[in-house]
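Undergrad: Dropping the structure in here first, questions after.
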Amino acid sequence: MEPEQLQLAIEMAENGNIKAAAFLGNQYYFGWDVLEQDYSKALKFLTIAAEGGDAMSQFLLGYMYGSGRGVERDSVKAFEWFLK
């Protein structure tokens, strides 16, 4: 991903674009493309997308909380995200 494209996607996500947030959350979580794996950034963008109703982001947040990957393990939060 080119730096200009990344910056545009970040701006879109921070302004509430659910698809951009879900895309970035996955990119940062898995370290795909030219982005480095960064769980804190993944959490930020996945939360935006999940709160906006993106089912895959809700699932991945549930997994993050359930496994303690990038966040403190929290079975209650994991269960809440899985239920959504």
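The values are calculated or read from the model by the stated rules, or taken from the named source; none is laboratory data. As the structure is a computational prediction, the values presented were derived from the model and not from experiment. Note that we place each Cβ from the backbone using ideal geometry, even for glycine, and neighbour counts take in every protein chain shown. These accessible areas exclude ligands, DNA and RNA; they are computed on the full protein's heavy atoms, side chains included. Shrake-Rupley method; radii C 1.70, N 1.55, O 1.52, S 1.80 Å.
Undergrad: Taking only Cα atoms, what is the 0 to 90° angle, nearest 10, from helix 39-51's long axis to the longest principal axis of the chain?
TA: Around 80 degrees separate the two axes.
Undergrad: Taking only DSSP H segments of four or more residues, each worth -39500 (n - 2.57), what value at 222 nm results for the chain once the sum is divided by all its residues, to the nearest 500 deg cm²/dmol?
TA: -22000 deg cm²/dmol
Undergrad: Ranked from the most accessible area to the least, with a 1.4 Å probe and all protein chains present, what is the order of SER57, SER67?
TA: Heavy-atom accessible area, descending, gives SER67, SER57.
Undergrad: What order do TYR63, TYR28, TYR39 take when sorted by accessible area (1.4 Å probe), most exposed first?
TA: My answer, sorted largest first, is TYR63, TYR39, TYR28.
Undergrad: While we're here: Calculate the dipole size of the range 23-84 relative to its Cα centre from +1 charges on Lys and Arg beta carbons and -1 charges on Asp and Glu beta carbons; express the result in debye to the nearest 20.
TA: Computed charge dipole of the range 23-84: roughly 120 debye.
Undergrad: Further question: Restricting to Cα pairs below 8 Å that are 6+ residues apart, what does the relative contact order work out to for the chain? Please round to a whole percent.
TA: About 20 percent, as a whole number.
Undergrad: Once a ≥ b ≥ c are taken as the square roots of the eigenvalues of the Cα gyration tensor of the range 1-49, is the result rounded (a/c under 1.5), prolate (a/b larger than b/c) or oblate (a/b not larger than b/c)?
TA: Oblate, since a/c reaches 1.5 and b/c is not below a/b.
Undergrad: Next question, about the same structure. Considering every Cα-Cα pair within the chain, what fraction, in whole percent, is farther apart than 20 Å?
TA: Here the tail beyond 20 Å accounts for 27 percent of pairs.
Undergrad: Helix 3-14 versus the longest principal axis of the chain: what angle, 0 to 90°, nearest 10, using Cα atoms?
TA: Long axis of 3-14 versus the principal axis of the chain: about 40 degrees.
Undergrad: Relative to the longest principal Cα axis of the chain, at what angle does helix 55-67 sit, 0 to 90 degrees, rounded to 10?
TA: Taking the Cα atoms of the chain, the angle to 55-67 is about 60 degrees.
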